[in-house]
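Colleague: First the structure, which I've put down as structure tokens, then a few questions once you've had a look.
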Amino acid sequence: MNSGDGFRQIPGRQLLALEQTAGHARMLEVLNDEELEKWKINPTHATRALSELARKRLPFLAMQVLNLMHGKQVRVNVFHYSAAINACARSSEWQLSLSLLSYMHEITVTPDEICHNTAISACEKGGQWQLALGVLSEMPLLRAVPNEISYNAAISASEKGCQWQLALSLLSNMPHIGLTPSDFSYNAATSAFEKGGQWQLSLDLLCLMPVMRVTTSCISYNAAVSACSKAVKWGMALELLSDMHVARVMKDEISCSAAISACEKGGKWGLALSLLSSMPVSRVTASRISCNAAISACEKGRRWQLALRLLSRMPQMRLTANEISCSAAISACEKAGEWQLAMGLLNSMHFNRVVPNEISYSATMSACQKKGQWQLALHVLSQMLQMRVTGDLISHSATISACERGGQWQLSLSLLGSLPEILATPDHISYSAAISASEGIGGDPKQQLRAYGAFKQAQAEDVEVLRRRQLADADRLDGLRRRTKAEAELLEREARHREELALEATRDQEGRLTKQLAARLQKVRKGLGPAKEAVQSLVSCMQRGGGVVASTQEMDAELRRFEQQLMSKVEAFVQ
């Protein structure tokens, strides 16, 4: 009997048809006492049902099934909980996964490696790298041995959390506990280095993989090429593409797009176009990302004709231009002073249902400003405000400068006055443009004086803001110094306290030792008493016997010297 047949023996379709928030009564209708009795006899039926719920990504139904099993006294084992945790992990419900894992200890069901691995994977999918590492660190304490899957999931969680140091630490620790890193381990670590801007480590790990007999793949090279692209190492990115050909690793859209982006950031528009044109030869389909990067490369290289040509060819390549594509082309026209083309591209975006962004409007207004087209600049600014696109000081200053070139000092002052309501405090460029407009045509002296006064006021406000920032920084620095001094004093007091405690403990120990030594000496003296009496009795006998002996005084003196020598030896031995 396969798993599917086992699942059909229970009302599986009805169970899957239940809503995630089905009530207890509705659950009892589907899983009645007769069906639950079958689960008691054969627990694998429950395992298959929960596994099917996991496959369908129904974590809340799986939780309700577990609760019903507990309520109906159906024995729940580790396989049931493993399937329920898997259902939570597949749906990125990491909180439920950890809750189930914790509850297993309360009902004396010992979670195995699969349960822990699934919980780590749930945390990884939910972007909870701290919790993933916490589950991994608790496994040995709970007698669950981490394996390659455990570490791979933890490395992947570190990669998604941009924690390249932790990814490197986990990868380095695997051989020390008898685990062999796989290609997944290396690829996840390489991606972590790429996100952390560690392009050198990405290359080192890529070179290490063949040495460790791990097969490099397109994923491995893509992470390394992307790392070089972010670091503007376009030469290294191109070299990696060449190495892929030597290693017989097929390039894909990500490889080529990352290399084109590297050339774009490095100002190598010719190489970017060459890579884009060679993609069909390598049987790689160009994507919108690769085309956008090539258009941006042409824009930075002031090749506006090529940028427009690429934009016009995107429909032939079955690609739809987006706001990034159009904004890059508009910026290329703006740098070339082609304001008509910039306006045409902006209008075509509305026609093609592409929503312009801040860059689209700002570049168009800047193009109009350079050619003195103040009416069009005002029209574009009005469109931007109607579309509720938040511009910046550069876009508004461009419009004010356009009015200044057109001699529209009244409009310049009006725009200048409306800036605080629309955006923020005007800058020096805005005020300078407004003053130039009023001076250029001999405007009303009162208006000129008002503009000049506003300009000086803005300067004073800027100085005041700078002064306040400096004061705030000085206060923070002073607070840090005071805090550091207080911490140093606290550490010093703690050190003195420890020394006093150590000295007091030493004194107590010396006192105890002195008492012990005194007691031992007293015992020695008591032991010498009978010996002294025996010697004196022997001397008396010898005197009475008329033997050749010294006088009693000499014998007593000799006996005292013997006693002193013996006591000194005993004290030396005790010390």
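Colleague: How much of the calculated P(r) for segment 202-299 lies past 21 Å, in percent of all Cα pairs?
Modeller: Counting pairs separated by more than 21 Å, the tail of P(r) holds 26 percent.
Colleague: Which value, in Å to one decimal place, does the Kirkwood hydrodynamic radius take for segment 228-269 when every pair of different Cα atoms is included?
Modeller: 10.1
Colleague: Find how much the distance from residue 359 to residue 285 grows on full extension, using 0.36 nm per residue of separation minus their present alpha carbon separation; answer in nm with one decimal.
Modeller: Taking 0.36 nm per residue and subtracting the Cα distance, the gain is 23.8 nm.
Colleague: Also, quick follow-up: Would you mind checking the pairs 195/335; 335/371; 251/335; 233/268; 56/160; 268/335 and listing those with alpha carbons more than 23 angstrom apart?
Modeller: Listed pairs above 23 Å: 195/335; 251/335; 56/160.
Colleague: If you take the beta carbon distance between residue 55 and residue 277 as r and set R0 to 45 Å, what does 1/(1 + (r/R0)^6) give as a FRET efficiency, to the nearest 0.05?
Modeller: About 0.50, to the nearest 0.05.
Colleague: Select from 82, 51, 70 the residue farthest towards the positive end of the dipole of segment 26-146; place +1 on Cβ of Lys and Arg, -1 on Cβ of Asp and Glu, and compute about the Cα centre.
Modeller: Value computed over the given set: 51.
Colleague: In whole percent, what relative contact order does segment 39-142 give with Cα contacts below 8 Å and a gap of six or more residues?
Modeller: It comes to 23 percent, rounded to a whole number.
Colleague: Expressed in whole Å with the largest first, what are the equivalent ellipsoid semi-axes of segment 26-146 derived from the C-alpha gyration tensor as the square root of 5 times each eigenvalue?
Modeller: 26, 16, 10
Colleague: Could you give the dipole magnitude of segment 26-146 about its Cα centre, charging the beta-carbon of Lys and Arg +1 and that of Asp and Glu -1, in debye to the nearest 20?
Modeller: 220
Colleague: How large is the accessible surface per residue of segment 72-160, computed with a 1.4 Å probe and reported in Å² as a whole number?
Modeller: Accessible area per residue, segment 72-160: 45 Å².
Colleague: A further question follows. Let's test the formula: R0 of 56 Å, r as the Cβ-Cβ distance of residue 387 and residue 169. What FRET efficiency results, to the nearest 0.05?
Modeller: 0.70
Colleague: Positive end of the charge dipole of segment 162-244 (Lys, Arg +1 and Asp, Glu -1 on Cβ, about the Cα centre): tell me which of 182, 208, 165 has its Cα farthest that way.
Modeller: 165
Colleague: Quick one: Cα convex hull volume of segment 124-227, Å³ per residue?
Modeller: Convex hull of Cα atoms, per residue: 87 Å³.
Colleague: Lys and Arg at +1, Asp and Glu at -1: add these up for the other residues within a Cβ distance under 14 Å of residue 236 and post the number.
Modeller: 0
The values are calculated or read from the model by the stated rules, or taken from the named source; none is laboratory data. What you see is a predicted model, and the numbers here were worked out from it, not measured in a lab. Please note: Cβ atoms are built from the backbone with ideal geometry, for glycine as well, and neighbour counts cover all protein chains shown. Side chains included, ligands, DNA and RNA excluded: accessible areas come from the protein's heavy atoms. Shrake-Rupley method; radii C 1.70, N 1.55, O 1.52, S 1.80 Å.
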